[in-house]
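Asker: I'd like to ask some things about the structure below.
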Protein chains: 2
Amino acid sequence: MSLDGNSQRFDRHVFVCTNQRDPKDPRGCCGAKGSEALRLLFKEEIKKAGLKGKVRANAAGCLDYCAMGPTVVVYPEGTWYFIDTPDDVREIVQRHILKGEIVNRLRMPRQSPRPATVVPT
Amino acid sequence: MSLDGNSQRFDRHVFVCTNQRDPKDPRGCCGAKGSEALRLLFKEEIKKAGLKGKVRANAAGCLDYCAMGPTVVVYPEGTWYFIDTPDDVREIVQRHILKGEIVNRLRMPRQSPRPATVVPT
């Protein structure tokens, strides 16, 4: 639990919506579409990439895109993704987290391209 | 649920840890220290400030500071706070969210001062 005095706590912070709604709710929810398993895979892939402690995959409550998720947002860039499969998670870790490339095929529609540059510390 | 094509989805995204652990867990947890009520107060204060839809107060799973929370992180700056009271929430909204000032008295210890500048879009 060491704190880095000169930079953000994490190089990147990945939030995965794991919100669960009543199954009868017409909005649906990320939790019913396997988002917790996808979050755990993020954790595992981040660890495999040697980034444990530098990048964190967090559960989040409702991110407001219930019908389109599982929804993911990566900070500090603020890049939003809709994901579906384990391969989607691996591609975000391999490309966005490790190389700073936005994965456009998974990007939330109509969010304009932005470089995956980390905020200068 | 409109998407802004040229900027981040939210001007600021506040995550409040609402994780609940077993009451016997020696680490404690933010959830047992009233963090969900503080999150709801963030929502209310953000709405009162006219920022609904521009700033979002989200629940988050464990942010890894169980003993020191309730823990809050504000993106895109990546500013971490430990909060305790409704006045702490109001001060973060009035100063950090509305004026871009870091609230140093609530800041996670040993996190160096950083300007609350939003990432250029």
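The values are calculated or read from the model by the stated rules, or taken from the named source; none is laboratory data. Since the structure is predicted, the reported quantities are computational estimates derived from the model, not experimental observations. Neighbour counts run over all protein chains shown; Cβ positions are idealised from the backbone, glycine included. Ligands, DNA and RNA are excluded from the accessible area calculation, which covers all protein heavy atoms including side chains. Shrake-Rupley method; radii C 1.70, N 1.55, O 1.52, S 1.80 Å.
Asker: Please grab the % of Cα pairs in region A:7-49 that end up more than 12 Å from each other.
Answerer: Taking all Cα-Cα pairs of region A:7-49, the fraction more than 12 Å apart is 66 percent.
Asker: Could you go through region A:45-60 in sequence order and give the Karplus-derived ³J(HN,Hα) for each residue, using 6.51 cos²θ - 1.76 cosθ + 1.60 with θ = phi - 60°, rounded to whole Hz, and x for Gly and Pro?
Answerer: 5, 5, 5, 4, 7, x, 10, 4, x, 9, 10, 10, 9, 10, 6, 10
Asker: Let me ask you something else. Using modelled backbone amide H atoms (1.01 Å from N, in-plane), which distant-in-sequence or interchain residues come within less than 5 Å of B:Thr79's amide H?
Answerer: B:Val74
Asker: Distance in nm between label sites at B:Asp84 and A:Lys47, each 7 Å beyond Cα in the beta-carbon direction?
Answerer: Result for the modelled spin labels: 3.5 nm.
Asker: Leaving out ligands, DNA and RNA, calculate the buried accessible area for the pair A and B with a 1.4 Å probe, summed over both sides, in Å² to the nearest 100.
Answerer: 3000
Asker: Another question, if that's okay. How far is B:Asp87 from itself in the other copies, in nm, if each label sits 7 Å out from Cα along the Cα-Cβ line, shortest first?
Answerer: Those label-point separations list as 5.7 nm.
Asker: Once you order the gyration tensor axes a ≥ b ≥ c over the Cα atoms, which shape class does region A:39-102 get: rounded for a/c under 1.5, otherwise prolate or oblate by comparing a/b with b/c?
Answerer: prolate
Asker: Do any residues of region A:56-72 lose at least 50 Å² of accessible area when the full set of protein chains is present rather than just their chain alone, and if so which, with a 1.4 Å probe?
Answerer: A:Arg56, A:Asp64, A:Tyr65
Asker: Can you tally the net charge around B:Lys52? Count Lys and Arg as +1, Asp and Glu as -1, for every other residue whose Cβ sits under 14 Å from the Cβ of B:Lys52.
Answerer: +3
Asker: Between copies, how far apart are the B:Gly53 label points? List them in nm, one decimal, shortest first, with each point 7 Å from Cα toward Cβ, please?
Answerer: From this label point to the equivalent ones elsewhere in the assembly: 4.4 nm.
Asker: So which trypsin sites (Lys or Arg not before Pro) in region A:2-106 are both in a DSSP loop and have at most 15 other Cβ atoms within 10 Å of their Cβ?
Answerer: A:Arg21, A:Lys24, A:Arg27, A:Lys54
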